[in-house]
1. Could you give the angle, 0 to 90 degrees to the nearest 10, between helix 43-53's Cα long axis and the longest principal axis of the Cα atoms of the chain?
2. Cut-off under 24 Å on the C-alpha distance; same-chain residues fewer than 8 positions from Lys308 excluded. Which lysines are left, in chain and number order?
3. Suppose we look only past 22 Å in the calculated P(r) of the stretch 1-102. What percent of the Cα-Cα pairs does that tail hold?
4. Mean separation of Cα pairs under 8 Å and 6+ residues apart, divided by the residue count of the chain: what relative contact order is that in percent?
5. Please give the direction-averaged projected area of the C-alpha convex hull for the stretch 19-69, in square nanometres with one decimal.
6. Determine which residues of the stretch 268-306 fall in the zone a paramagnetic label at Ala1 would reach in this model, i.e. backbone nitrogen under 12 Å from the point 7 Å along Cα→Cβ.
7. Take the alpha carbon gyration tensor of the stretch 42-125, find the square roots of its eigenvalues, order them as a ≥ b ≥ c, and report rounded if a/c is under 1.5; if not, report prolate when a/b exceeds b/c, else oblate.
8. How far apart, in nm, are two points set 7 Å out from the Cα along the Cα-to-Cβ line at Glu184 and at Ala81?
Amino acid sequence: AVRLMEVCGTHTMTAFRSGLRSLLPENVSLLSGPGCPVCVTPQECIDRIIAIAKLPGTLVTTFGDMLRVPGGEESLEAARAEGAGVMAVYSPTDALEEAKKNPDTRIVFFGVGFETTAPATAWTIKEAARLGVENFSVLCAHKTMPRAMAALLRGGEVNIDGLMCPGHVSVITGTRIFDFLSGEHGRPCVVAGFEPLDMALATEMLLRQIERGRAEVENEYHRSVDAEGNPAARALIEEVFEPCEAEWRGMGAIEGSGLRIRDRFARHDAAKIFGDLDLPETVVTPGCICGDVIRGARVPTQCALFRKTCTPATPVGACMVSAEGTCAAYYKYAGRERDK
Ligand code: SF4
């Protein structure tokens, strides 16, 4: 049997929505890996941003999906119901505008996402520094994908024969960033777009490489992606952030897989501004197997809470909260899919 893995929330949803997985031969599986940024953000990070939101004179801003992700004791949404300062925004620049309008309030943007969203956060931090908006800061939980993919391969828990690389990330990074996955780790990689046909073609390209014993990085999404990516966006990331070890839900700490705000922008780094905070103990929600789902080791239907206590209306774990989460995808499309 051949096991392929995609590591992108949009690929997860396209594969389910289009029924692509059910069209694959019985001996080919398409697994979903750690591609949903909301899902991989660890509990400690959620608890930290909730603690900041509870401080007087502070307003936390972030993407809507993050509000319902459970922390150790509650979610940002629940904290807001108790009076904490929390607001959903569409972009970090919205958060900066809020800071300009409310100079007496400390506006903190919770920056979550991969290489796709990191440039916008970087630009906003630079802009805040340029304009001297001292009440604006970012709690940075941005992550980068290649090292997490390598960690999955190294871990060896799930035998992955080929990787469908994320198109959005690759628009920024270029395809070259995945070379070490085929070189050092010997796995075929194909960068794929987001239409069902893109994913079908990428699947075929992966299978052909496997059949012929090749391990290369190929690009199915060449209408948007080239080898180098977007140099301006990459330069922005490089200027504002530096690589650091980052904690991933279900995967633990991965060296070089996170982005930390460089010291020259420390005035806008919420991790430094707010320092040590009193956080609840990290607990694993009893019964929730989100970590296994994120690593592709188990599927949501193997979770005893799936569709029972855990639904999109009452999510127990992060993978059910996010619209791009694997559990949410299974919930919405199960029955039209083979569970494999
Ligand atoms: Fe966690 Fe719910 Fe998914 Fe089970 S179904 S793994 S409880 S998010």
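1. Orientation of helix 43-53: about 30 degrees from the principal axis.
2. Lys332, Lys340
3. Of all Cα-Cα distances in the stretch 1-102, 47 percent exceed 22 Å.
4. For the chain, the relative contact order is 22 percent.
5. 5.0
6. Zone members listed by number: 298-299.
7. oblate
8. Result: 4.6 nm between the two label points.
The values are calculated or read from the model by the stated rules, or taken from the named source; none is laboratory data. All values derive from a computational prediction rather than experimental measurement. Because the Cβ atoms are built from the backbone with ideal geometry, glycine has one as well, and the counts that use them run over all protein chains shown. The accessibility values were calculated without ligands, DNA or RNA, using every heavy atom of the protein model including side chains. Shrake-Rupley method; radii C 1.70, N 1.55, O 1.52, S 1.80 Å.
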